[in-house]
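What follows is a single structure, written as structure tokens, with notes after it.
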Amino acid sequence: MNYVGISAGFHDAAVSVINQHGDILFAGHSERYSKKKHDQNLCADLIIDALSYATFPEIEYHYYERPWLKAVRQFYSGEGFRWPTWNQLIGPTYDFLGRPDIHTHSHHLCHAAAGFQTSSFEEATVVIIDAIGEFDTVSIWDVQYDASGRAQYKKLWSQQYPHSIGLLYSAMTARVGLRPLDEEYILMGMAAYGEPKYLREMQEELLSPNEKLKFSQNLHVGVADDFLPNADPMDIACSAQLMAEQLIRNVLGRARGKGRSRNLVYGGGVALNCVANRMLGDYYERIWIMPNPGDAGNSLGAACLGYGRKVAWDNSFLGHDIPGDYPVNAVLDHLLTDKIVGVASGRAEFGPRALGNRSLLADPRGHSIKSQVNEIKRRQKFRPFAPVILEEYAADYFEMPYGFDNSRYMQTIAPCYEPNSFPAIVHVDGTSRIQTVPSDGSGIRELLEKWYFMTNCPMLLNTSLNIRGEPIVNDRADADRFERLYGVRVCS
Ligand SMILES: [Fe+2]
């Protein structure tokens, strides 16, 4: 039996495939194939790629939420009532799939399964925080495997719409002129440039006076245009980040009080806030965040629920394949001569971050590299780039937060001990969004080892390989377009 998980119909459509042994055969995003950022529909090329890894006709389909329950919530939230059909939710590819029966699961349960069943834990407290699925916006679970190895999920507590930390963050993203459900990561980056001048005002205006995790207004519709008039956007960002962190701390405190385990599995879109994630170790000893904890990752969660047991998690290189050996020597040559080079090789990353297989890499040393890479990426100059570092040297350069021995998927930030030596990969607050690479036989590992041997520098600058405004490069044709547009070699 093969278990195909689907998330589609809202944003960031994705497909995941697990086989009867618990191997994750494929996990990929629709946007990488359709070239539409955050594409909500499945596309035929993604389906064809995903199902090429499956065994026909033994396929069971699983969907990432309860569409009919969500329709009720949408009616309740004033979005009108529309009885959902699979053709609407999945699009024409539903017919392409042969109109199969599809099992549905609750949105937060899928987040919980995507996290727990990919973790190494036998038992854990699972905390899910996102914007909105059906009704739950925060949930806390006690999860363990039973004697037969099947995951057993017990929900301990939840909070419902419209009281949502994710919607607060999205509302503030919109307030500073950014796109909600897309550019929250930019708001997070802006926060380091501001002061929390409006924290108290935000709390008094937006929070319920009586209940700590509830809001006095529905932030699904955003805040009024005249909310905090004349405020500096950086100060709004800083205040919003701090307010969100205080609310997340409240959730973590509840989870510690209600759950039995000292292992934390954390998921939902808010788990992408790597700045807030630095404080998870204040509450838990061991932490796992699946590298795609948002709604696209729920396709894997749905497939995990179909399979029911622990799955074999090796890494996030689960998407489209560009065949061939990792071009270590070619990348190294370009780094030593040009300082900047692209790489598009092997399976694409499942998740919003490029981790070495669809990356733009650069020498992180010196003061000119940040502006050079920014020139190619054409993005806001205040935003830093991330380092990718040999895991055994991470503690020499970065103060890893408690609970994180590693950060293999850029899940957290860490203060850098030598910010002046590596200005391109250090944010204005002195921290870096770090990616550590273990000795795992990956191409990026071999590249870093050789780079270190030749330069005595164990890290590189790593940013996603994408044309401005487009999703991350998927196939070789995308890489060729990147080369033509920006004049930067992309090695395969
Ligand atoms: Fe979600």
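The values are calculated or read from the model by the stated rules, or taken from the named source; none is laboratory data. Given the structure is predicted, the values throughout are model-derived calculations rather than measurements. Positions of Cβ are backbone-derived with ideal geometry, glycine not excepted, and every protein chain shown enters the neighbour counts. The protein model used for the area step is the full one, side chains on, heavy atoms only, and it has no ligands, DNA or RNA in it. Shrake-Rupley method; radii C 1.70, N 1.55, O 1.52, S 1.80 Å.
What pairs come out if I take residues in the range 441-461 that are farther than 14 Å from Ile389 by Cβ and pair them with residues that are assigned to a strand (DSSP E or B) whose C-beta lies under 7 Å away, six or more apart or interchain?
Gly443/Gly346
Those residues that are closer than 23 Å to His427 by Cβ and open to solvent by 50 Å² or more (accessible area, probe 1.4 Å), I need them from the range 161-187; list them, please.
Of everything in the range 161-187, those that are closer than 23 Å to His427 by Cβ and open to solvent by 50 Å² or more (accessible area, probe 1.4 Å) turn out to be Arg175, Gly177, Arg179, Pro180, Tyr185.
From the list Leu213, Leu219, pick out the single residue that is in contact with a helix residue (DSSP H, G or I) (Cβ under 6 Å, 6 or more places away or on another chain) and surrounded by fewer than 18 Cβ atoms within 10 Å (Cβ to Cβ).
Result of the check over Leu213, Leu219: Leu213.
Mind checking which residues of the range 459-481 are surrounded by fewer than 22 Cβ atoms within 10 Å (Cβ to Cβ) and touching a helix residue (DSSP H, G or I) at 6+ places or on another chain (Cβ under 9 Å)?
Across the range 459-481, the qualifying residues are Ser464, Asn466, Ile467, Arg468, Glu470, Asp475.
Read through the list (1) within 15 Å of the ligand (Cβ to nearest atom); (2) open to solvent by 30 Å² or more (accessible area, probe 1.4 Å); (3) under 26 Å from Arg32 (Cα atoms); (4) not charged (D, E, K, R), then give the number of the only condition that Gly98 fails.
All conditions are met except number (1).
Right, Ser158: surrounded by fewer than 17 Cβ atoms within 10 Å (Cβ to Cβ) and either within 14 Å of the ligand (Cβ to nearest atom) or in a helix (DSSP H, G or I) (or both) or not? Break it down stepwise before answering.
Values: surrounded by fewer than 17 Cβ atoms within 10 Å (Cβ to Cβ): yes; either within 14 Å of the ligand (Cβ to nearest atom) or in a helix (DSSP H, G or I) (or both): yes.
Against the criterion (surrounded by fewer than 17 Cβ atoms within 10 Å (Cβ to Cβ) and either within 14 Å of the ligand (Cβ to nearest atom) or in a helix (DSSP H, G or I) (or both)), Ser158 qualifies.
Can you tell me which condition Asn315 does not meet? The list is (1) in contact with a strand residue (DSSP E or B) (Cβ under 7 Å, 6 or more places away or on another chain); (2) assigned to a loop (DSSP other than H, G, I, E, B); (3) at pLDDT 95 or above, and all the others hold.
Of the numbered conditions (1) in contact with a strand residue (DSSP E or B) (Cβ under 7 Å, 6 or more places away or on another chain); (2) assigned to a loop (DSSP other than H, G, I, E, B); (3) at pLDDT 95 or above, the odd one out for Asn315 is (1).
Sort through Arg408, Arg433 and tell me the only one that's in contact with a Cys (Cβ under 6 Å, 6 or more places away or on another chain), closer than 17 Å to Glu349 by Cβ, open to solvent by 10 Å² or more (accessible area, probe 1.4 Å) and not aliphatic (A, V, I, L, M).
After ruling out the rest, the residue left standing is Arg433.
Report, by residue number, each residue of the range 2-54 that is β-branched (Val, Ile, Thr) and farther than 20 Å from Asp478 by Cα.
The answer is Val4, Ile6, Val15, Val17, Ile18, Ile24.
How about the range 20-34: which of its residues are polar (S, T, N, Q) and open to solvent by less than 30 Å² (accessible area, probe 1.4 Å)?
Ser30
Can you go through Lys37, Lys70 and tell me which one is open to solvent by 10 Å² or more (accessible area, probe 1.4 Å) and over 23 Å from Pro291 (Cα atoms)?
Going through Lys37, Lys70 in turn, the sole match is Lys70.
Among the listed residues Ile128, Ile132, identify the single one that is within 16 Å of the ligand (Cβ to nearest atom), within 21 Å of Val251 (Cα to Cα) and modelled with pLDDT under 95. Steps first, please.
Details: Ile128 fails: modelled with pLDDT under 95.
None of the others qualify; the one that does is Ile132.
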